[in-house]
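Structure first, commentary second.
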Amino acid sequence: MELRQGVNTAFHQYSQAKGLDAQAFDIVQTSNAAWNLSRNYDVSVGIANGGLWGSYMLGLFNLKTITCQPDKETREIRWLDTPELQGKRVLVCDKDVKTGVTLAKFLEEARKYSPASLDLFLNYPAVNREAGIGSVMHNVPDGFGNIYTPDSFDYKNFHKAYAKLMRRFG
């Protein structure tokens, strides 16, 4: 089975097991970012649906993952897994930032659990406009330390990420 197909099939099953229908993104960029980030955090939180992919990919590199889902109307956060965040270095995964409302609600909820730090990984890179595909970085609410996108990393160790995925899916 081709690596991309294996990862995407497993992700689809993972998503469905959580009662979600989440979208997969670029495997090369996200696996490279996940390889680089996974050793620096204790847990990742995927904000469903868009952040589930980044969190799933981090889990393939042995980072504990949990999921939350914002209510479509109120944006209030509902945990799909137990939020074990106290004293942890947390990497929050989301697809992008348009208005920042979802991330602001997440920060409000996450602070109740006293994490050591909250950083952010976005599937889409920064853009300077509010329309189209990309993350509007000036709308990221205050409260995150480091903010990463797939283009935050070079590919000098990509062969290690690729080898790990091939051992699992190849």
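Things worth noting here:
- Residue within region 6-23 that is at pLDDT below 95, under 24 Å from residue 153 (Cβ atoms), not small (Gly, Ala, Ser) and not in a helix (DSSP H, G or I) present: yes
- Only residues that are assigned to a strand (DSSP E or B) and either of a type outside the set (A, V, I, L, M, F, W, C) or within 15 Å of the chain's Cα centre (by Cα) (or both) were counted in region 116-170, giving 11.
- Checking 30, 9, 65 one by one, the residue that is exposed (fewer than 15 other Cβ atoms within 10 Å of the Cβ) and among the polar types (S, T, N, Q) is 9 and no other.
- In region 46-68, the residues that are among the basic types (Lys, Arg) reach residues that are assigned to a strand (DSSP E or B) with C-beta atoms within less than 7 angstrom, at least six apart or across chains, in these pairs: 64/43.
- Residue in region 109-119 that is over 19 Å from residue 55 (Cβ atoms) and either crowded, with 17+ Cβ neighbours inside 10 Å or in contact (Cβ under 8 Å) with a residue 12 or more places away in the chain (or both) present: yes
The values are calculated or read from the model by the stated rules, or taken from the named source; none is laboratory data. The shown structure was predicted, so the numbers you read here are calculated from the model rather than taken from an experiment. Note that we place each Cβ from the backbone using ideal geometry, even for glycine, and neighbour counts take in every protein chain shown.
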